[in-house]
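Contents: one structure, followed by commentary.
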Amino acid sequence: MDDSNEFETHKDMSEHTVRSFTEQLETLSTGIAQMGGLAEAQLADAVEAIAKRDIALAEGAIAGDPRIDQLQQQIEDHALKLLALRQPMAVDLRETLAAIKIACELERIGDLAKNIAKRALVLNREPPIRLTQSLARMGRATLSQLKRVLDAYSDRDAAGAQQVWRQDDEIDEIYNSLFRELLTYMMEDPRTISLCTHLLFVAKNIERSGDHATNIAETVYHMVTGRHLENERPKADVTSSTNVPFEPKT
């Protein structure tokens, strides 16, 4: 074989390797998009199940969780194989590691949605309470954050990811307000303690879902830019330091 043919063969092999690696990265991105869509739908169904007192929606949200878990495992396995066999560098390495991190965050959102749906089954057996609408508003804000950060991942949009990161306090503010209202309910009427406790757990799960969306935003920003967001994330959740003198009426 002359030198020119050897060069052409090497060139073809290199192009094939690059194309194959690109396809494998695209497979990871497709998996994240699919997993994100399922997590988004599961969380939406769980929140709607409470707002509309819909048992079928709650059961559907619970039933959808194993598929999200399965996708998370597939993405992680694929990414680890990519790391071992391809040894990616620079942006390719960040994309591969980001897929593992984001899949983990989405799996946690799926778990939280399942927990919300389980609480919905209990709440739907109790008399309705108007604060479920506040929960629905909080849920919609969280879903908006999740959708926007998934779009930022798909578009490789660092600015969009940073915007999601900065707006986490909106969900925290709704949570703080709801937290205070529920405590007031329980202090005024101890008979509502059981119901309000379920609502508090639901609210916290929604708030935690927002935190996971913000974690994804941090990962997307680093994946695209190679830099970490420098400032501390704005957090407006003050419930952990709230001092409430709670003494039920007798």
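What follows draws every value from the coordinates through simple rules; no lab data is involved. None of the values given here were measured: they were computed from a predicted structure. Note: ideal-geometry Cβ built from the backbone for every residue, glycine included; neighbour counts use all protein chains shown.
Of the cross-linked pairs Lys81/Lys147; Lys101/Lys147; Lys118/Lys147; Lys101/Lys204; Lys114/Lys204, which ones have a Cα-Cα span greater than 20 Å in the structure shown?
Working: Lys81/Lys147 29 Å; Lys101/Lys147 17 Å; Lys118/Lys147 23 Å; Lys101/Lys204 22 Å; Lys114/Lys204 13 Å.
Going by Cα-Cα distance, Lys81/Lys147; Lys118/Lys147; Lys101/Lys204 fall outside the 20 Å limit.
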Q | Table column - 3J(HN,Hα) (Hz), segment 99-115, Karplus curve with 6.51, -1.76, 1.60, x for Gly and Pro | A | 4, 5, 5, 5, 4, 5, 5, 5, 4, 5, 4, x, 5, 5, 4, 4, 5
Q | In sequence order, calculated HN-Hα J values of segment 45-51 (Karplus, 6.51, -1.76, 1.60; Hz; x Gly/Pro) | A | 5, 5, 5, 5, 4, 6, 5
Q) For Gln73 and His228, what does the FRET efficiency come to when R0 = 35 Å and r is the distance between their Cβ atoms, rounded to the nearest 0.05? A) 0.80
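Which of Cys196, Cys104 comes first, and how do the rest follow, when ranked by fewest Cβ neighbours within 10 Å?
Working: Cys196 21, Cys104 16.
Listed from fewest to most nearby Cβ atoms, that is Cys104, Cys196.
For segment 58-102, what class follows from the C-alpha gyration tensor (a ≥ b ≥ c being the square roots of its eigenvalues): rounded when a/c is under 1.5, otherwise prolate if a/b is larger than b/c, else oblate?
Values: a/c = 6.99, a/b = 2.78, b/c = 2.52.
Prolate, because a/c is 1.5 or more and a/b exceeds b/c.
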Q. What whole number of Å gives the distance from the Cα centroid of segment 167-194 to the Cα centroid of segment 77-108?
A. 39
**Q.** Packing-based exposure ordering (other Cβ within 10 Å, fewest first) of Thr214, Thr219
**A.** Thr219, Thr214
